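Only one structure is covered here, and it is reproduced in the block below.
The values are calculated or read from the model by the stated rules, or taken from the named source; none is laboratory data. Keep in mind that this is a model prediction, so the values were computed, not measured. Here the Cβ is made from the backbone with ideal geometry for all residues, glycine too, and neighbour counts use every protein chain on show. The area values use the complete protein model at the heavy-atom level, side chains included, leaving out ligands, DNA and RNA. Shrake-Rupley method; radii C 1.70, N 1.55, O 1.52, S 1.80 Å.
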Amino acid sequence: MSLLIRNATVLTVDSSDRVIDDGAVFIEEGRIVAVGPAAEVEAAHPAPRRVVDGSGRVVLPGFVSSHNHVGHTFFRGRAEDLGLGCVTGQYFPMATVATREERRAVGSLTYAELLKSGVTTTFEMEEEADVFAPFVESLGVRSVMGVSTCDADVDAMAKDEYRYDGALREAQLRQAVEFAEEWHGRADGRIQAAMTPNMTISSSPELLRASREAADRLGLRTSIHLGWGEYEVEVIRRLHGKTPFEFVRDTGMLAADTVCAHCYVIGASDPDVLAASRAAVAHCPLMNAVRGHIAPIVEYRSRGIPVSLGIDNMFADHFEVLRACVNMARIKTGDPTVMQSPEVVRLATMGGAEALGMSAEIGSLEPGKRADLQMLDYRRFGLTPNLDPVRNLVYHAHASDVELVMVDGKVLVEGFELVTADASALIDDAGVAAAAAWDRFVAKYGGIIAR
């Protein structure tokens, strides 16, 4: 099928960051065929099967969120005021009580929320990633997915005790590899598998080495939480006598195919470790700010360390991530001019595509690339007057302004509504699932924090 979006302002995010005021995008068989001035594109492609009027709208690539836990929407309204105590006090213990069906319900809602927020590609790591794969396939989004493996006793972790279980490690690795073997490349290539050990404190050296071996053998990317707290630094120093960055490097886990989530607590030598590895940082500024930290991404970028943006968990509006990225960079550096609007749009699109190894296919609106895009209605409160479409996007747009979203040339959001899923059912199912899981959590741990 062919589709023409015409008379729109087009933010290409190409190598020149072209902005085409009266522009058009022509799509055929899931790929972008032409991008340019509307008159030229329409003249070259006069008979599209469908025409979308982009008057008063802005079209840009879909966002690529490079770090997500869709099932962690369990913690919306539970973890925001707890600082880092939620990691061992809620996140890991919840894995012992939540059912697969409850996780599926909450995660499906989150995938839909992200899609409505203009996110067309996610890097998702979760204890039971396989439970989301069928919904990803039917919803139509693009997702790199990995089982968030752990070989630590999670109840002992809540007491600051660290014991690693070989049998658990083998079971977790088997689950991750079997998921990859079943789902990698499925859904017309929209689902890609990854090896994703959760974090340094929950991973033995053996788990990290085995994860690297499996990733190399299967041709998969990797990801891990890294540099997320002073507690992590203390535990890894106590257990292994080195920094978390050194620990991950020395196990072979840290490489150019690795996406490191957070990286906001760093020692003097850690940027050198990151730069030498050529790994990418998934910067999650909204979540980081809630926890009282700011990653030094301006320094990272000056060192040539790749940076992308992620929403992490609990939050639903990816435009807030863009704003947090700008604000946190300016607070961190004390410079109100760093992180200009075109730069943050690039981090949210091409930055993510590069981190995920997909920059040849997605991340910009250019001929030959897959038609993953979003269209915002700028004739709405908060976006008028439209004197600069890029600045308006970064500083003033919201998920509620996203009128249309496409992935592989298929319309998944139209008229501000989901096309491929029932929004009301997703909301109802997630609410019931979260309430049931928290009832069991409180019954087991005596409150909303495991002690």
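Observations on the model:
- Among the residues making up the stretch 298-320, those that are under 19 Å from the mean Cα position of the chain (by Cα) and among the polar types (S, T, N, Q) are 308, 313.
- Test for residue 433: is it of a type outside the set (D, E, K, R) and in contact (Cβ under 8 Å) with a residue 12 or more places away in the chain: yes
- Test for residue 297: is it under 19 Å from residue 84 (Cα atoms) and hydrophobic (A, V, I, L, M, F, W, C): no
- Options 160, 151: the member that is open to solvent by 30 Å² or more (accessible area, probe 1.4 Å) and within 25 Å of residue 262 (Cα to Cα): 160
- Given (1) open to solvent by 10 Å² or more (accessible area, probe 1.4 Å); (2) over 23 Å from residue 74 (Cβ atoms); (3) more than 15 Å from the chain's Cα centre (by Cα), number of the condition residue 195 does not satisfy: (1)
- When we screen 238, 323 for residues that are within 19 Å of the chain's Cα centre (by Cα) and open to solvent by 10 Å² or more (accessible area, probe 1.4 Å), the only hit is 323.
- The residues of the stretch 1-40 that are in a strand (DSSP E or B), open to solvent by 70 Å² or more (accessible area, probe 1.4 Å) and either more than 23 Å from residue 189 (Cα to Cα) or not basic (Lys, Arg) (or both), listed by number, are 6, 21, 22, 28.
- Failed condition for residue 341, given (1) closer than 17 Å to residue 60 by Cα; (2) surrounded by 20 or more Cβ atoms within 10 Å (Cβ to Cβ): (2)
- For the stretch 1-41, filtering for residues that are of a type in the set (Val, Ile, Thr) and at pLDDT below 95 leaves 0.
- Within the stretch 298-314, the set of residues being in a loop (DSSP other than H, G, I, E, B) and either open to solvent by less than 40 Å² (accessible area, probe 1.4 Å) or free of Cβ contacts under 8 Å to residues at least 40 places away in the same chain (or both) comprises 303, 304, 305, 310, 311, 313, 314.
- Candidate set: the stretch 255-297, residues that are in a helix (DSSP H, G or I) and of a type in the set (S, T, N, Q); chosen: the one modelled with the highest pLDDT: 277
- Top-ranked residue of the stretch 228-254 - restricted to ones that are out of contact with any strand residue (DSSP E or B) (no Cβ under 6 Å at 6 or more places or on another chain) and in a loop (DSSP other than H, G, I, E, B), ranked as modelled with the lowest pLDDT: 229
- Test: residue 214 is open to solvent by less than 10 Å² (accessible area, probe 1.4 Å), within 17 Å of residue 180 (Cα to Cα) and in contact with a helix residue (DSSP H, G or I) (Cβ under 7 Å, 6 or more places away or on another chain): yes
- Residue match in the stretch 180-191 (condition: in contact with a Lys or Arg (Cβ under 8 Å, 6 or more places away or on another chain), crowded, with 21+ Cβ neighbours inside 10 Å, modelled with pLDDT of 95 or more and at positive phi): no
- Taken over the stretch 385-431, the criterion of being more than 22 Å from the chain's Cα centre (by Cα), in a helix (DSSP H, G or I) and not small (Gly, Ala, Ser) is satisfied by 389, 391, 392, 428, 429.
- When the residues of the stretch 42-85 are filtered to those that are of a type in the set (A, V, I, L, M, F, W, C), open to solvent by 10 Å² or more (accessible area, probe 1.4 Å) and not in a strand (DSSP E or B), the one that is modelled with the lowest pLDDT is 84.
- Residues in the stretch 139-157 that are of a type in the set (D, E, K, R) and over 18 Å from the mean Cα position of the chain (by Cα): 151, 153, 155.
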